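Encoded as structure tokens, the structure appears first; notes follow it.
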Amino acid sequence: MDQVLSQQEIDKLLAAMNNGEIDQEKIEEEEKTPKVKPYDFRRPIKLSKEYVNTLHMIFEDFSKMSTNILSNLLRVNVTLQLASIEQVSFDEFIHSIPRVTLIGLFHSALADETPMKGIQMVEINPQLCMRLVELLCGGTEVETTKKTTNNNVVDDKSFTDIELAILREVLKELGIVFQNSWKDIVQMETELDDLDTNPQMLQTMSPNEPVVLTTFTMQIGDMSTFLNICIPYVFFEGISDKLSFKNWFDSSQKLSKDDERELERGLKNVGVSLEARLGSAQMEMADFLHLEVGDVIKLDRKTSAPLDTYVNGIPFYQAKPGKRDGNLAVELLDKLEGDPEDE
């Protein structure tokens, strides 16, 4: 955010320009001189700003879905919010996390089973791990807050096999959320490969390899902490063209046969309600209150007349009532003429 000068500071600047203490021509010359920005060749910025904006949308969806999943899993209110997306080196990521922490290693593959390059990592710090274990084992929010506050050596402890087994299930759920957050860009399947607690021993990539580090702030009760997702740049090589906004919203693109089949397959799974109405009748409230078993209500339709059949409350077909295999059934006779927009 740009600094706003006070009226007193503005008066001093104007007075300095009038007294000659500030050379206006020199200032204008400096503004015309092109500014040189240092470039670190060990950490090149590989993703454009447009692609990073797309990642913001993807991980915003990830944070919303994770909030719902973790809240249901832990039975407490959990809030996950996207804090930042940075392009750093793998070495910088390793040195920015605790010496003992939990890292889930994932791999992804496209829908056609083509493996995607690189290993994706989800890092959960020890304090958050202990809170998750306590809540999943039946602890209440107040109890877990006291235990986490009093446990000052949590960074120096290792995880037990039981704790790792519990946390593995949490990371599996986050892996499912990760793949679902990408579904508007690319269909993929993400699976958890392994867990690691010593980031210094990871040999999945070279120290200078560029990665995209996504940081989330996580709120559980009165505990506020961070969750990190580390994705190597090679992960985006095969899908970089799909990260462009132009590719998303280009209305000139025509639907392919595959798109039509996908749309048809999705529509086939949509549930609709189908009902055939025998007719309707109107009566006074006094008559309605005196109805008894065995009473006959006269409808506004003859028994020989076809029934109107409704789909999601809209009349679509005329039908004839009957029985089939001992069950009540209707036979569709003709399609009703109606508003094409309603159909």
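The values are calculated or read from the model by the stated rules, or taken from the named source; none is laboratory data. These figures come from a predicted structure and were not determined experimentally. Please note: Cβ atoms are built from the backbone with ideal geometry, for glycine as well, and neighbour counts cover all protein chains shown. We work out accessible area using only protein heavy atoms, side chains counted, and drop any ligands, DNA or RNA first. Shrake-Rupley method; radii C 1.70, N 1.55, O 1.52, S 1.80 Å.
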A chain fully extended from Glu260 to Arg99 at 0.36 nm per residue, minus the present Cα-Cα distance, gains in nm 52.9 nm
Simple spin-label estimate for Asn180/Thr217, 7 Å along Cα→Cβ, in nm, reads 2.5
With every protein chain in place, the accessible area of Val270 for a 1.4 Å probe, in Å² rounded to the nearest 10, comes to 90
Taking a crude spin-label model, label points 7 Å out from Cα along the C-beta direction, the Glu113 to Ser48 distance in nm is 3.5
Across 5 Å bins beginning at 0, the whole-percent shares of Cα-Cα pair distances in segment 68-125 come to 4, 12, 14, 20, 19, 18, 11, 2
Charge tally for neighbours of Met283 with beta carbon under 14 Å away, counting Lys, Arg as +1 and Asp, Glu as -1, is -4
Computed from the beta carbon distance with a Förster radius of 56 Å, FRET efficiency for Met57 and Asn19 to the nearest 0.05 stands at 0.60
Simple SL model, points at 7 angstrom along Cα→Cβ for Gln187 and Ala305; separation in nm is 4.8
